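Worksheet: the structure to be examined is printed underneath.
The values are calculated or read from the model by the stated rules, or taken from the named source; none is laboratory data. Note that this is a predicted model, so its numbers are computed, not measured. We place every Cβ from the backbone using ideal geometry, glycine too, and count neighbours over all the protein chains shown.
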Amino acid sequence: MHGRGPVLAVTALGGGLGAAARYGAELLWPTAPGAFPWTMLEINAAGCAMFGVLMVVSSEVRAPHRLVRPFFGTGVLGGFTTFSAYVGDIRRLVGQGHATTGLAFLVLTLVVSLAAAWSASAVTRRLIARGLT
């Protein structure tokens with residue numbers, strides 16, 4: 001456990017900040033019962049795009065301080081893009097008799113989130129290659 005205390009601390013702090021940001025977004029843009037959870041889809045897509053940028057910058061541009069990825073990646077972005085809330089939304093939709101909407105949300109979130117991470121990574125690499133970062 002020696003040396004892991006700071007990593008645990010920054011991960012927990014980042015996770016709290018990310019979860020608070022997600023909660024705030026859900027309060028600002030609530031989803032009506034049975035409706036498609038657009039806010040959660042947008043949160044996951046935005047967070048996955050940010051993951052893509054973080055991973056390119058932190059692994060291909062320069063190595064950051066050892067606490068940067070645990071804080072921003074696992075912590076902030078992990079708390080922001082929680083897939084447990086995603087699964088909760090799917091369960092709620094199915095339980096309310098909206099299985100088609102739940103299935104559409106399940107598939108669309110995966111596709112959009114993967115596309116966001118991939119495209120953000122690709123754009124970041126292009127910007128770096130052009131010296132625009």
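What number of residues in segment 43-68 are at pLDDT 95 or above and basic (Lys, Arg)?
Of the residues in segment 43-68, 0 are at pLDDT 95 or above and basic (Lys, Arg).
So which of 130, 62, 66 ends up being out of contact with any strand residue (DSSP E or B) (no Cβ under 6 Å at 6 or more places or on another chain) and in contact (Cβ under 8 Å) with a residue 24 or more places away in the chain?
Working: 130 fails: in contact (Cβ under 8 Å) with a residue 24 or more places away in the chain; 62 fails: in contact (Cβ under 8 Å) with a residue 24 or more places away in the chain.
Answer to the check: 66.
Could you tell me which numbered condition residue 34 fails, if it satisfies all but one of (1) modelled with pLDDT under 95; (2) within 30 Å of residue 127 (Cβ to Cβ)?
If we test residue 34 against (1) modelled with pLDDT under 95; (2) within 30 Å of residue 127 (Cβ to Cβ), just (2) comes out false.
Kindly provide the set of residues from segment 85-133 that are among the hydroxyl-bearing types (Ser, Thr, Tyr) and either touching a Gly at 6+ places or on another chain (Cβ under 9 Å) or at pLDDT below 95 (or both), ordered by number.
Going residue by residue through segment 85-133, those that are among the hydroxyl-bearing types (Ser, Thr, Tyr) are 86, 100-101, 109, 113, 119, 121, 124, 133.
Once the filter is applied, which keeps residues that are among the hydroxyl-bearing types (Ser, Thr, Tyr) and either touching a Gly at 6+ places or on another chain (Cβ under 9 Å) or at pLDDT below 95 (or both), segment 85-133 yields 86, 101, 113, 119, 121, 124, 133.
How many of the residues making up segment 86-103 are surrounded by fewer than 14 Cβ atoms within 10 Å (Cβ to Cβ) and part of a helix (DSSP H, G or I)?
Summing the residues that are surrounded by fewer than 14 Cβ atoms within 10 Å (Cβ to Cβ) and part of a helix (DSSP H, G or I) in segment 86-103 gives 7.
Yes/no per residue for (1) closer than 17 Å to residue 48 by Cα; (2) aliphatic (A, V, I, L, M):
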{"position": "76", "(1), (2)": "yes, yes"}
{"position": "81", "(1), (2)": "yes, no"}
{"position": "89", "(1), (2)": "no, no"}
{"position": "116", "(1), (2)": "yes, yes"}
{"position": "129", "(1), (2)": "no, yes"}
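Quick check on my filter: what residues within segment 1-47 are of a type outside the set (A, V, I, L, M, F, W, C), over 15 Å from residue 85 (Cβ atoms) and surrounded by fewer than 13 Cβ atoms within 10 Å (Cβ to Cβ)?
Across segment 1-47, the qualifying residues are 2, 3, 4, 5, 6, 33, 34.
Working only within segment 69-85, note down all residues that are outside any loop (DSSP other than H, G, I, E, B), hydroxyl-bearing (Ser, Thr, Tyr) and either buried (at least 17 other Cβ atoms within 10 Å of the Cβ) or in contact with a strand residue (DSSP E or B) (Cβ under 9 Å, 6 or more places away or on another chain) (or both). Walk me through it before giving the result.
Kept after step one, since they are outside any loop (DSSP other than H, G, I, E, B), are these residues of segment 69-85: 69-80, 83-85.
Subsequent filtering for residues that are hydroxyl-bearing (Ser, Thr, Tyr) retains 74, 84.
Across segment 69-85, the qualifying residue is only 74.
Please work out which one of (1) in a helix (DSSP H, G or I); (2) touching a residue at least 40 places away in the same chain (Cβ under 8 Å) is the condition residue 34 fails and give its number.
Against the list (1) in a helix (DSSP H, G or I); (2) touching a residue at least 40 places away in the same chain (Cβ under 8 Å), residue 34 comes up short only on (1).
Return the residues of segment 37-59 that are without any contact (Cβ under 8 Å) to a residue 40 or more places away in the chain and under 14 Å from residue 71 (Cβ atoms); say none if nothing qualifies.
Across segment 37-59, the qualifying residues are 54, 58.
Conditions: (1) among the β-branched types (Val, Ile, Thr); (2) within 20 Å of residue 120 (Cα to Cα); (3) at pLDDT 95 or above. Residue 82 meets all but one. Number of the miss?
Against the list (1) among the β-branched types (Val, Ile, Thr); (2) within 20 Å of residue 120 (Cα to Cα); (3) at pLDDT 95 or above, residue 82 comes up short only on (3).
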